[in-house]
1. Please work out if A:Ile109 is farther than 17 Å from A:Arg174 by Cα and either within 11 Å of chain B (Cβ to nearest Cβ) or of a type in the set (Val, Ile, Thr) (or both).
2. Any residue that is away from every other protein chain (no Cβ under 13 Å) and loosely packed, with under 15 Cβ neighbours inside 10 Å - is there at least one of those in region A:68-85?
3. B:Leu74 - would you say it is closer than 19 Å to B:Phe117 by Cβ, aliphatic (A, V, I, L, M) and touching a strand residue (DSSP E or B) at 6+ places or on another chain (Cβ under 6 Å)?
4. I need the full set of residues from region A:86-101 which are under 16 Å from A:Gln164 (Cα atoms) and aromatic (Phe, Trp, Tyr), in order please.
5. State yes or no: is A:Glu132 among the acidic types (Asp, Glu), over 30 Å from B:Ala19 (Cα atoms) and either open to solvent by less than 40 Å² (accessible area, probe 1.4 Å) or in a helix (DSSP H, G or I) (or both)?
6. Hey, can you tell me all the residues within region B:70-91 that are open to solvent by less than 30 Å² (accessible area, probe 1.4 Å) and within 14 Å of chain A (Cβ to nearest Cβ)?
7. Keeping to region B:92-116, report how many residues are in a loop (DSSP other than H, G, I, E, B) and either open to solvent by less than 10 Å² (accessible area, probe 1.4 Å) or within 19 Å of B:Val28 (Cα to Cα) (or both).
8. For region B:29-57, what are the residues that are assigned to a helix (DSSP H, G or I) and either open to solvent by 20 Å² or more (accessible area, probe 1.4 Å) or more than 7 Å from every other protein chain (Cβ to nearest Cβ) (or both)?
Amino acid sequence: MEAGGAATDGKRRLSGGAIIAAIKASGIEYILSVPDITTSSGLLAPIAQNPAFRLIRVCKEDECVGIASGLFYSDKRALMLIQHTGFLDSINAIRGVAVEYKQPICMMIGLLQHDPDKPPRESPRYGVRIVEPILDDMGIPHHLISLDADVAKIQPAIENAYRQSRAVAFLVGRSPS
Amino acid sequence: MMKRDECFRVLARHITNEAVVATYSSAVDWVAIKPRVLNYTSIGAMGLDISHGLGLALGQPNKRVVVLQGDGSLLMNLGSLVTIAAVAPKNLVHFVAHNETYEANGGHPIPQRNVDFASMARSAGYAACYDFADLDVFTQQVAHVLEQDGPVFATLHVEPSKPLFYDYPSLYDPAKRQAFKAAWQM
């Protein structure tokens, strides 16, 4: 029973180190961020100490969209690391730059207070429940990152975003450790 | 009080290979005065112009970026002053045309007409900040403003202009974005 329980817990783990390695392998140089409690200790804190990245701490999430766009004109890759509330606050910027201008805006979005064992669309929290439908309406591909097995989605999705010049969103449903 | 187009004519004499980010009324005036491939007028949402400018400056640290922003746009992204001061790009010059109105949206006043943007930028930590309300003084000092290490901030106190024609399809032309990208990487 104990061994089985341990195995189940292991499957439910999400490694921050593996996510960071996938981000680096995707050619991301700039991390643009407003802190998010879901990704705070598992992603943002180690990224801040990692010389492979240049971390730009911004005051409001829509700034990230403009900065990423400006970097794109020099073929520099950037990833927004934000909370889903900041995504919701940045919809107009994402609409303009990512969707209408067709630019590769890459977003890693922590789902605040999300139950990682439920699909986001079934969350009791309204703010979490509406994220995927909004992304669908905007035509932005999105990937749920809740388990270690999901990390393999990151690099191909970022490469595809830059190859096709379109946005992509990763929804982090569990606090990485 | 100056006129924005007069300020931009003075500025244009000093612009060579810089990227110039300009939006709304400032963009209309600027592209009429200085049409060129390194004008950047697609910013996607009001207030984001200076954030695009920061990204451009980071991407090409050996080239200079000049942002021509309106006061209404800066008010929508005031936190950007703090972000930019923290990043401290030496190659970024940030002008704000302070005409005290949302000129592109009917000429309604901004919430506080006499807000002191240069003091805000100074408090945020910009390397140098200026206030210009006299065209002769601006003419005399603009070269110095453009040449020094940034981030540099300058308020241009200007009158609301005569009604403008906002040719958004041209300002947001995807072909211009592509041409800008090619020229910016040369």
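The values are calculated or read from the model by the stated rules, or taken from the named source; none is laboratory data. No experiment lies behind these values; they were computed from the predicted model shown. Don't worry about glycine lacking a Cβ; one is built from the backbone with ideal geometry, like all the others, and counts go over all protein chains shown. Only protein heavy atoms, including side chains, enter the accessible area calculation; ligands, DNA and RNA are left aside. Shrake-Rupley method; radii C 1.70, N 1.55, O 1.52, S 1.80 Å.
1. No; evaluated as a whole, the condition is false for this residue.
2. No: region A:68-85 contains no residue that is away from every other protein chain (no Cβ under 13 Å) and loosely packed, with under 15 Cβ neighbours inside 10 Å.
3. When the stated conditions are applied, B:Leu74 passes them.
4. A:Tyr101
5. Here the answer is yes, as A:Glu132 does meet what is asked.
6. Selection gives B:Ser73, B:Leu74, B:Asn77, B:Gly79, B:Ser80, B:Leu81, B:Thr83, B:Ile84, B:Ala85, B:Val87, B:Pro89, B:Asn91.
7. Number satisfying all stated conditions: 5.
8. B:Asp29, B:Trp30, B:Val31, B:Ala32, B:Ile33, B:Asp49, B:Ile50, B:Ala57
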